[in-house]
Amino acid sequence: MIEKDNTTRCWVCGGKEFTLKKESDIEDSLSSDHFAITNFDYGKTGELKKCKSCGFIQCTDLTEVINFYQDLEDKEYENTRKERKLQEQRLVKFLSRYKSAGKLLDIGAGSGIMVEAALEKGFEAEGIEPSKWLQQNAQKMNLPVYQGVFPHAKTPGPYDVITLVDVIEHITYPGNLLSDINKSLAEDGIFVLVTPDVNSLAAKLFGFKWWHYRFAHIGYFNRKNLVYLLEKSGYSIVKMTRPSWYFTLKYLGIRFLSFLPGFLRFPLPRFLDKIIIPVNLRDSILVLCKKKKQR
Ligand SMILES: [Zn+2]
């Protein structure tokens with residue numbers, strides 16, 4: 001599974017020339033735990049190379065990661081369901097200004113939090129998720145999430161809304177996925193994508209300590225090459241913004257303390273777990289697109 005491919009072309013623009021961005025941290029082998037959504041091993045990645053023409057950064061020694069997701073179990077993720085739900089509700093509210101009803105598909109649905117938020121808002125929502133464990137959690141809550149990857153026999157479309165939140169950075173050849181999504185989108189449907197922005201201020205300030213540098217992320221976009229790939233895959237951009245995330249104060253406290261030397265760390269009061277606040281670090285990109293009109 002882990003093999004170095006020095007002949008790879010840029011997954012976004014097809015460019016052949018790269019600069020080495022970061023050496024690989026892979027020592028022997030990786031397990032599904034390295035791919036947990038709540039894995040805090042920030043700054044650890046496979047070898048990263050940056051395309052000289054478009055600036056896209058891609059991993060060269062971790063390309064087929066889907067097997068890791070199939071066996072992924074992430075109990076911590078379920079513990080953060082409450083704040084993730086707020087997150088998804090906010091996203092559904094945002095997209096419903098452009099499309100207020102109809103069939104919605106969430107790709108990389110996890111345990112169905114987005115699906116749940118969309119169903120509550122009146123969408124005919126369903127999802128698809130590679131992790132068997134997360135999909136089973138969705139099923140236990142009677143949320144229509146299918147196990148597998150997109151495209152999938154059970155989700156032929158057409159859909160009025162397709163969402164791809166924090167997924168594309170995990171994908172090899174992301175243009176293929178974007179084209180497949182385009183085919184399953186209704187003529188006047190909308191597509192919503194969220195991914196980290198490698199050119200954001202936070203990414204620059206934190207360098208390789210930026211929380212999005214992790215084994216699970218194998219493709220790093222900036223706004224320009226993301227727009228380029230979306231347009232090439234048949235979309236026109238309607239709106240671009242930066243989403244907020246919701247965290248408990250305890251979670252933020254733990255993350256903050258992890259940047260301090262050990263002797264400065266202090267125990268956090270338990271009530272911080274009860275307080276949830278929105279945080280906009282402005283280091284993710286949210287793009288809402290439509291299908292490019294055929295001429
Ligand atoms: Zn490129």
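Do you know which of the residues in the range 273-290 that are part of a strand (DSSP E or B) and at pLDDT below 80 is surrounded by the fewest Cβ atoms within 10 Å (Cβ to Cβ)? Steps first, please.
Our first condition is that a residue be part of a strand (DSSP E or B); within the range 273-290, this holds for 276-279, 284-290.
Remaining after also requiring at pLDDT below 80: 276-279.
On the way: 276: 17, 277: 13, 278: 13, 279: 11.
The qualifying residue surrounded by the fewest Cβ atoms within 10 Å (Cβ to Cβ) is 279.
Which one of these does residue 67 not meet: (1) open to solvent by 20 Å² or more (accessible area, probe 1.4 Å); (2) polar (S, T, N, Q); (3) in contact with a strand residue (DSSP E or B) (Cβ under 9 Å, 6 or more places away or on another chain)?
Every listed condition holds for residue 67 apart from (3).
Out of (1) open to solvent by less than 30 Å² (accessible area, probe 1.4 Å); (2) out of contact with any Ser or Thr (no Cβ under 8 Å at 6 or more places or on another chain); (3) within 16 Å of the ligand (Cβ to nearest atom), the odd one out for residue 169 is which?
Just one mismatch for residue 169, condition (2).
Could you count how many residues in the range 205-245 are closer than 30 Å to residue 187 by Cα and either within 18 Å of the chain's Cα centre (by Cα) or surrounded by fewer than 22 Cβ atoms within 10 Å (Cβ to Cβ) (or both)? Steps first, answer last, please.
Residues of the range 205-245 closer than 30 Å to residue 187 by Cα: 219-244.
Keeping just the survivors that are either within 18 Å of the chain's Cα centre (by Cα) or surrounded by fewer than 22 Cβ atoms within 10 Å (Cβ to Cβ) (or both) gives 219-234, 236-244.
Selection size over the range 205-245: 25.
From the list 108, 112, 127, which one is open to solvent by 10 Å² or more (accessible area, probe 1.4 Å), closer than 30 Å to residue 158 by Cβ and away from the ligand (no atom under 16 Å from the Cβ)? Don't jump to the end; show me each part of the working.
Values: 112 fails: open to solvent by 10 Å² or more (accessible area, probe 1.4 Å); 127 fails: open to solvent by 10 Å² or more (accessible area, probe 1.4 Å).
Testing whether each residue is open to solvent by 10 Å² or more (accessible area, probe 1.4 Å), closer than 30 Å to residue 158 by Cβ and away from the ligand (no atom under 16 Å from the Cβ) leaves just 108.
So which residues in the range 80-95 are surrounded by fewer than 19 Cβ atoms within 10 Å (Cβ to Cβ), under 16 Å from residue 112 (Cβ atoms) and without any contact (Cβ under 8 Å) to a residue 40 or more places away in the chain?
81, 85, 89 - these are the residues of the range 80-95 that are surrounded by fewer than 19 Cβ atoms within 10 Å (Cβ to Cβ), under 16 Å from residue 112 (Cβ atoms) and without any contact (Cβ under 8 Å) to a residue 40 or more places away in the chain.
Being touching a Leu at 6+ places or on another chain (Cβ under 8 Å), surrounded by fewer than 24 Cβ atoms within 10 Å (Cβ to Cβ) and in contact (Cβ under 8 Å) with a residue 40 or more places away in the chain is true for just one of 194, 149. Which residue is that? Reasoning before the result, please.
On the way: 149 fails: touching a Leu at 6+ places or on another chain (Cβ under 8 Å).
Criteria check complete, one pass: 194.
Scan 91, 86 and give me the residue that is in contact with a helix residue (DSSP H, G or I) (Cβ under 8 Å, 6 or more places away or on another chain) and away from the ligand (no atom under 16 Å from the Cβ).
On the way: 86 fails: in contact with a helix residue (DSSP H, G or I) (Cβ under 8 Å, 6 or more places away or on another chain).
After ruling out the rest, the residue left standing is 91.
Among the numbered criteria (1) farther than 21 Å from residue 198 by Cα; (2) modelled with pLDDT under 85, which one does residue 37 miss?
(1)
I'd like to check something: does the range 208-229 contain any residue that is under 25 Å from residue 101 (Cα atoms), in contact with a Pro (Cβ under 8 Å, 6 or more places away or on another chain) and either in the same structural domain as residue 109 (by TED's automatic domain parsing) or in a helix (DSSP H, G or I) (or both)? Break it down stepwise before answering.
In the first step, residues of the range 208-229 are kept if they are under 25 Å from residue 101 (Cα atoms); the result is none.
Taking every residue of the range 208-229 in turn, none turns out to be under 25 Å from residue 101 (Cα atoms), in contact with a Pro (Cβ under 8 Å, 6 or more places away or on another chain) and either in the same structural domain as residue 109 (by TED's automatic domain parsing) or in a helix (DSSP H, G or I) (or both).
Which count do you get for residues in the range 130-146 that are of a type in the set (A, V, I, L, M), surrounded by 20 or more Cβ atoms within 10 Å (Cβ to Cβ) and farther than 24 Å from residue 178 by Cα? Spell out how you get there, then give the answer.
Residues of the range 130-146 of a type in the set (A, V, I, L, M): 134, 138, 141, 143, 145.
Now drop any that are not surrounded by 20 or more Cβ atoms within 10 Å (Cβ to Cβ), which leaves 134, 138, 143, 145.
Of the ones still in play, those that are also farther than 24 Å from residue 178 by Cα are 138, 143.
Number satisfying all stated conditions: 2.
The values are calculated or read from the model by the stated rules, or taken from the named source; none is laboratory data. In this text, all values refer to a predicted model and were calculated from it rather than measured experimentally. Heads up, the Cβs are rebuilt from the backbone with ideal geometry, glycines too, and the neighbour counts pull from every protein chain shown. When the accessible area is computed, the model is the full protein with side chains, heavy atoms only, and any ligands, DNA or RNA have been set aside. Shrake-Rupley method; radii C 1.70, N 1.55, O 1.52, S 1.80 Å.
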